[in-house]
Amino acid sequence: MNTIALPYRELAIGASYEGTARTLTQTDLSLACMLSGDWHPIHADAEFCRAAGMPGPMFHGPYGILLAMGMATSLPAFADRVVGATGLAEWRYRRPLLVGHTVRVRATISGKRMTSDGVRAIVDRRFELLGPDGEIFQEGVGGTMLQLASEGEQS
């Protein structure tokens, strides 16, 4: 995992960064249900899922977005101050996320551009939420706005 903070000017389109893995737990799923208020049986009832031929309750689709964004916070670490997210595009749910799945994130720089004021920039990253064998659970593009440091502030 990258631990060196990179300034905007050094970010290379096509560069990829991978984070550490984590295993999804029943507590994670219960917290997702509590936070969202969505207790549909597909998320909260193992018997319902078995009767429907599913391996078990699945996470809400947007939970994968939350995971990917959180796990990719420092992929790469930005030397310039993060102003905020600019949005998501092309997000796809490829496979259901289940309790017991182990996932990691790969973030690839897919675009970068200066804003019209010349002191901020947008960095687009393609995020892939991956399983242990590289299978893609979810993927999409997210933008981050950076406040660029002046030359005197950069190390």
Every residue from segment 76-101 that is loosely packed, with under 12 Cβ neighbours inside 10 Å and either in contact with a Cys (Cβ under 6 Å, 6 or more places away or on another chain) or under 18 Å from ALA21 (Cβ atoms) (or both): GLY100
When (1) surrounded by 13 or more Cβ atoms within 10 Å (Cβ to Cβ); (2) in contact (Cβ under 8 Å) with a residue 24 or more places away in the chain; (3) hydrophobic (A, V, I, L, M, F, W, C) are applied to CYS49, the one that fails is (2)
Is it the case, given these coordinates, that ALA21 is touching a residue at least 60 places away in the same chain (Cβ under 8 Å) and in contact with a Lys or Arg (Cβ under 9 Å, 6 or more places away or on another chain)? yes
Pick from ARG106, ARG120: which is surrounded by 15 or more Cβ atoms within 10 Å (Cβ to Cβ), among the basic types (Lys, Arg) and farther than 29 Å from GLN26 by Cα? ARG120
Taking segment 103-116 and keeping residues free of Cβ contacts under 8 Å to residues at least 24 places away in the same chain and over 15 Å from GLU10 (Cα atoms) leaves SER116
Of the residues in segment 70-102, those that are within 11 Å of the chain's Cα centre (by Cα), touching a residue at least 40 places away in the same chain (Cβ under 8 Å) and within 23 Å of ASP133 (Cβ to Cβ) number 4
Taking segment 1-55 and the residues there that are of a type in the set (Ser, Thr, Tyr) and out of contact with any strand residue (DSSP E or B) (no Cβ under 8 Å at 6 or more places or on another chain), the one that is nearest to HIS101 (Cα to Cα) would be THR25
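Each value in this text was obtained by applying a stated rule to the coordinates, not by laboratory testing. Note that this is a predicted model, so its numbers are computed, not measured. Backbone-built Cβ (ideal geometry, glycine too); neighbour counts: all protein chains shown.
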